[in-house]
Amino acid sequence: MTYRGKVRPGGAPDVRDLANLSITKMSVGDMDNNAYLLRCQRTDEQVMIDAANEPNRLLSLIGADGLARVVTTHRHADHWQGLAAVVEATGAETVAGADDAPEIPVPITRPVLHGDTVAVGDCELEVIHLVGHTPGSIALLYDDPSGTPHLFTGDSLFPGGVGKTWSAADFKTLLDEVTTKLFDRLPDETWFYPGHGDDSTLGEQRPHLDEWRARGW
């Protein structure tokens with residue numbers, strides 16, 4: 001079946017198989033948080049992005065092959081409600097942006113900085129630090145050598161705008177960060193996977209950057 005990226009709380013996950021990486025998206029919790037399970041097609045190593053909620057469902061998704069690490073995109077509680085239980089059950093390494101790691105009440109064994117990489121077996125995710133939604137928010141880029149880039153944006157970028165901010169200065173910072181580190185660097189066909197709701201591409205959102213800046217959110 002064709003991947004659509006449309007998942008709903010309590011519903012079935014959606015799976016996208018790339019040449020070297022499999023991406024499974026599932027919605028968990030009352031806030032429709034997206035959790036992503038990435039699997040290297042060659043080694044079967046698995047990495048989760050945002051163990052947000054409903055750890056029993058997440059552990060069922062992980063299955064018997066185990067979990068190497070969990071990356072938490074930022075400090076907000078709706079993105080780590082299932083983290084402690086998933087880590088306890090799997091022994092997974094915990095990864096988060098260095099500026100948010102102290103605010104996550106599960107020990108972060110590997111704080112990461114802009115430009116660091118996170119392995120998924122033979123595949124590699126690049127850490128992109130995006131300030132504004134929180135001080136230590138990160139996105140994760142899989143620059144598929146066999147296809148288009150794939151980008152996991154947490155709550156920093158959604159279809160229709162950047163993530164929530166709490167001041168005009170934070171909004172400007174986040175929009176500037178998203179513009180320079182994502183839109184100015186990556187091609188239109190880059191598919192992005194947000195922390196809530198449906199996916200999109202940078203090309204679909206690029207024409208609206210000036211509109212977002214003018215409206216101020």
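The values are calculated or read from the model by the stated rules, or taken from the named source; none is laboratory data. Small disclaimer: the values here were computed from a predicted structure and weren't measured. All Cβ positions, even for glycine, are placed from backbone atoms using ideal geometry, and neighbour counts span all protein chains on display.
Can you go through L175, L186 and tell me which one is more than 16 Å from the chain's Cα centre (by Cα), modelled with pLDDT of 95 or more and under 16 Å from G132 (Cβ atoms)?
Testing whether each residue is more than 16 Å from the chain's Cα centre (by Cα), modelled with pLDDT of 95 or more and under 16 Å from G132 (Cβ atoms) leaves just L175.
Scanning the range 124-172 for residues that are over 24 Å from G216 (Cβ atoms) and either surrounded by 20 or more Cβ atoms within 10 Å (Cβ to Cβ) or under 11 Å from the mean Cα position of the chain (by Cα) (or both) yields L125, V127, I138, L140, L141, Y142, H150, L151, F152. Confirm whether G115 is of a type in the set (G, A, S), surrounded by fewer than 18 Cβ atoms within 10 Å (Cβ to Cβ) and either without any contact (Cβ under 8 Å) to a residue 24 or more places away in the chain or part of a strand (DSSP E or B) (or both). Spelling it out, G115 is indeed of a type in the set (G, A, S), surrounded by fewer than 18 Cβ atoms within 10 Å (Cβ to Cβ) and either without any contact (Cβ under 8 Å) to a residue 24 or more places away in the chain or part of a strand (DSSP E or B) (or both).
Being under 21 Å from D143 (Cα atoms), at pLDDT below 95 and of a type in the set (S, T, N, Q) narrows it down to one residue among T72, T2; which is it?
One residue alone meets the criteria, T2.
For the structure I just gave you, tell me whether D44 is acidic (D, E) and in contact (Cβ under 8 Å) with a residue 24 or more places away in the chain. For D44, the condition - acidic (D, E) and in contact (Cβ under 8 Å) with a residue 24 or more places away in the chain - is met.
Across the range 29-75, the qualifying residues are those that are of a type in the set (D, E) and part of a loop (DSSP other than H, G, I, E, B), and the one among them that is nearest to G132 (Cα to Cα) is D50. Do we find that K6 is within 15 Å of the chain's Cα centre (by Cα) and touching a residue at least 40 places away in the same chain (Cβ under 8 Å) in this structure? Considered against the rule, which asks whether it is within 15 Å of the chain's Cα centre (by Cα) and touching a residue at least 40 places away in the same chain (Cβ under 8 Å), K6 comes out as no.
Residue-wise test of (1) more than 20 Å from P194 (Cβ to Cβ); (2) not charged (D, E, K, R).
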residue: G66; (1), (2): yes, yes
residue: R69; (1), (2): yes, no
residue: R75; (1), (2): no, no
residue: D78; (1), (2): no, no
residue: A96; (1), (2): no, yes
